[in-house]
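Everything on this sheet refers to the single structure shown next.
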Amino acid sequence: MAVNCKYYIEKLSAYLDNELNSREKADVELHLESCMSCREYLNDLKQIQGYTQDLYGRVRKNSHQDSLWANIEAQLNDNESELIELPGSFGKKKFALWISSAVAACLILLAGFYAYYAITKLNQNQCIVTWVESKKAPVMVYKDKSTNTTIIWMFSDENSVSNT
Amino acid sequence: MNDADYTEYSDETLIEKAKKSDLEAFKIIVERYQTRVISVAYGIVHNEDDAKDISQDVFVKVYKSLDNFQGNSRFYTWLYRITVNMAIDYNRKIKRKQAMEYNDDINVKTELPLADSKQALPDKYIYDKEIYGKLQEAIENLSEEQKKTFILREMEDLSYQEIADIMKCSVGTVMSRLYYARDKIRLYLKPYL
């Protein structure tokens, strides 16, 4: 097989399918006139095409006789009965229901987080309690920011507590 | 409107009606294309019953996805694309299942077109059985893209441009895939040619 046969062999598949332009087709035909190996290759492709059409031809004939519609209709009717009964086009309302449920769940979650944060922050800001060691006795100070109240406990001995 | 009127409508008109849940319109689409869909599915899975099952699933999927079909391409382009992809997916599942079951047998899955030769020429029957078996095996061993391209060309006689539209590739790629597919099949069948 000549080196340039590789070029023409790659064109033979498209030549068989009549997909070459007129210039390419003329070029291939000119080569085929003088190259037996390329002619044999083309004949092989034609045989393969014939066998393929025989192999699949019977299936085409049978499939023309059978009707798929009854089974398809049954599947479509089964699928429709599984959907929620809502007015509107097929399938779209189910999707909208899922979306709105997801949005509602997110809002509830956010509200929950905000409430938790607000309560803990409120408690943190509500009052401050410190313990102060002094020379006389330990002192505990309570400051309530919201009411602007300050309460001071002075511990005079281990067993007594007074507050102000 | 009765079926006789619907059969005269174009694909686009029937699709628009089917989008509005007109099952009679969709029935005409099914009847118009079922032969081709079964043929293409069979070309990939090589089993008539499986091809029919896949074809039913294809049409159910098409009906459910009608809103996604905007009419930017021909309806049969979109239909064939769904068909080849579902058939390839089916084949992958079967191969995974066979791999798990350690099935090493070559699976010639369907009856071969041999009924006539068996009675008249028994030797021809044996010879034909071998060739068709080898042909199925050769097609089975193509890459997925080569297989799809080969089936669409040989089963449906589609042009390279139509195949390129279905497979979303260039005409040059179609040409290349067909060349390599046929070359591989030729090597498989060389002793019989």
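No value in this document is a laboratory result; all are computed from the given coordinates. Given the structure is predicted, the values throughout are model-derived calculations rather than measurements. Don't worry about glycine lacking a Cβ; one is built from the backbone with ideal geometry, like all the others, and counts go over all protein chains shown.
Using +1 on the beta carbon of Lys and Arg, -1 on that of Asp and Glu, and nothing else charged, what's the dipole of region A:5-65 about the Cα centre, debye to 20?
The dipole magnitude comes to about 320 debye.
Could you derive backbone 3J(HN,Hα) for region B:79-91 from the dihedral phi with the Karplus parameters 6.51, -1.76 and 1.60 (θ = phi - 60°), listing whole Hz in sequence and x where the residue is Gly or Pro?
4, 5, 4, 4, 4, 5, 5, 5, 5, 5, 4, 4, 4
Could you work out the equivalent-ellipsoid semi-axes for region B:1-107, taking the square root of 5 times each eigenvalue of the Cα gyration tensor, largest first, in whole Å?
Equivalent-ellipsoid dimensions as semi-axes: 32, 13, 11 Å.
Please compute the contact order of region B:1-107 in relative form: average sequence separation of alpha-carbon pairs under 8 Å and at least six residues apart, divided by the residue count, as a percent.
Across region B:1-107, relative contact order equals 26 percent.
Run the numbers for B:Glu8 and B:Glu144: contour at 0.36 nm per residue of separation, minus the present Cα-Cα distance, in nm.
Once the chain is fully extended between B:Glu8 and B:Glu144, it gains 45.3 nm.
For region B:164-184 and region A:8-22, compute the distance between their C-alpha centroids and round to whole Å.
Here the answer is 13 Å between Cα centres.
Give the residue from B:Val45, B:Leu14, B:Phe26 lying farthest towards the positive end of the charge dipole for region B:1-107; charges sit on Cβ (+1 for Lys and Arg, -1 for Asp and Glu) and the dipole is referred to the Cα centre.
B:Val45
Rounded, prolate or oblate: which one fits region A:5-65, using the alpha carbon gyration tensor with axes a ≥ b ≥ c (rounded when a/c is under 1.5, else prolate when a/b beats b/c, else oblate)?
Numbers: a/c = 4.04, a/b = 2.24, b/c = 1.80.
Cα axes put region A:5-65 in the prolate bin.
For region B:134-193, just list the percent of Cα-Cα distances falling in each 5 Å bin from zero outward, please.
P(r) for region B:134-193, in whole percents per bin: 4, 21, 31, 22, 14, 6, 2, 0.
Enter the mean number of other protein chain beta carbons within 10 Å of the beta carbon of each residue in A:42-54, as an integer.
The per-residue average across the peptide is 5.
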